[in-house]
Amino acid sequence: MIRLGVLGVGDLTEKMIRGLHRSGSDTTFLLSPRSRARAESLAQDIGCELMRDNQAVADAADVILVGVRPAQLGELAQEIVLKPGVPLISVVSGVPVSDLQRMFGAREYTRAMLSLASEINRSTVAVYPASSAAAQLLAVLGNPVLLATEREFELATVGACMNGWFYFLLHDLQQWFVQKGFAPDDARQLVLSSVEDCVAYARYKSPSGMGEIGSSIATPGTYTAQGLDVLDKLGGNAAWKAACEHVFDQLNAKNV
Ligand SMILES: NC(=O)c1ccc[n+]([C@@H]2O[C@H](COP(=O)([O-])OP(=O)(O)OC[C@H]3O[C@@H](n4cnc5c(N)ncnc54)[C@H](OP(=O)(O)O)[C@@H]3O)[C@@H](O)[C@H]2O)c1
């Protein structure tokens with residue numbers, strides 16, 4: 001039984017806790033009381049322990065999970081003293097291990113990047129370093145991607161941003177159908193099914209490149225090729241690359 005102390009019971013860590021519980025993982029959750037309503041609902045739903053304060057979490061936990069926003073990390077570090085040797089897992093984007101060490105002292109650190117699909121054990125679970133013992137605990141939340149360098153971890157963080165951007169793309173595509181007269185549920189179904197179909201086939205055809213599959217569909221003169229030309233002319237794909245570069249630059253600036 002692992003006693004996982006959660007400092008920062010927010011949107012992401014709530015989903016992680018629910019996913020860990022759902023997987024049958026042998027974990028007890030000790031929650032910071034700061035986000036009281038969320039922590040109380042978790043305590044009620046899955047029997048987490050709501051602790052008196054952050055220090056009580058730090059004192060009782062075998063492993064600490066930190067899920068505050070980057071700008072809130074300094075304040076949290078000032079507030080608590082962690083027991084020597086207790087490992088810390090951080091899901092805080094853009095904060096390298098060197099900064100965590102400066103704030104929380106020498107101990108084993110794991111950086112993890114997940115998505116809200118942790119709740120249903122279908123998240124990408126990017127973990128640095130690859131040798132981290134925490135990787136085993138987190139693996140039940142979805143598809144583990146173990147990363148040997150912090151640079152690779154920042155690349156995986158760009159992947160986590162893509163995950164967020166996909167929702168906006170899917171929303172816009174759904175809305176286009178709705179504006180053309182489709183019922184919202186039908187439009188939703190059509191868009192989601194189309195993406196699922198694409199992901200499933202790309203996995204089935206692995207290791208074929210995804211561009212290769214696309215090219216076999218968008219042959220000259222097809223409607224798919226015509227639409228692709230419009231996307232190219234308007235810089236559709238280039239805009240996605242630019243967004244990736246922007247985020248990666250920001251993340252790397254933190255690592256120098
Ligand atoms: N959401 C995602 O999809 C996602 C994906 C990947 C990574 N992340 C990373 O996960 C972290 C959390 O994101 P989020 O979206 O879950 O944010 P969030 O919902 O705002 O969660 C952060 C929580 O931490 C609490 N908190 C702040 N300072 C605290 C302290 N000193 N002690 C105890 N609790 C404290 C906040 O309470 P208050 O509201 O009172 O400030 C809030 O409930 C971020 O660093 C983000 O980079 C998130």
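The values are calculated or read from the model by the stated rules, or taken from the named source; none is laboratory data. Predicted, not measured: the structure shown is a model, and the values here were computed from it. Cβ sites come from the backbone with ideal geometry, for glycine too, and all protein chains shown count toward neighbours. Accessible surface is based on the protein model in full, side chains and every heavy atom, while ligands, DNA and RNA are left aside. Shrake-Rupley method; radii C 1.70, N 1.55, O 1.52, S 1.80 Å.
Okay, here's what the table says:
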{"item": "Residues located in region 64-97, provided they are of a type in the set (G, A, S) and either closer than 15 Å to T13 by Cβ or open to solvent by 30 Å² or more (accessible area, probe 1.4 Å) (or both)", "result": "G67, A71, G74, G85, S90, S93"}
{"item": "S25 vs. criteria in contact with a helix residue (DSSP H, G or I) (Cβ under 9 Å, 6 or more places away or on another chain), not in a helix (DSSP H, G or I) and not hydrophobic (A, V, I, L, M, F, W, C)", "result": "yes"}
{"item": "Unmet criterion (only one of (1) open to solvent by less than 10 Å² (accessible area, probe 1.4 Å); (2) at positive phi; (3) without any contact (Cβ under 8 Å) to a residue 60 or more places away in the chain) for L100", "result": "(2)"}
{"item": "Region 118-142, residues that are surrounded by 17 or more Cβ atoms within 10 Å (Cβ to Cβ) and assigned to a helix (DSSP H, G or I)", "result": "S118, E119, A134, A135, L137, L138, V140, L141"}
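Condition check ((1) of a type in the set (D, E); (2) more than 9 Å from the ligand (Cβ to nearest atom); (3) in contact with a His (Cβ under 6 Å, 6 or more places away or on another chain)) across all residues:
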| residue | (1), (2), (3) |
| --- | --- |
| V6 | no, no, no |
| K15 | no, no, no |
| E40 | yes, yes, no |
| R52 | no, yes, no |
| E79 | yes, no, no |
| G85 | no, yes, no |
| V91 | no, no, no |
| S98 | no, yes, no |
| G105 | no, yes, no |
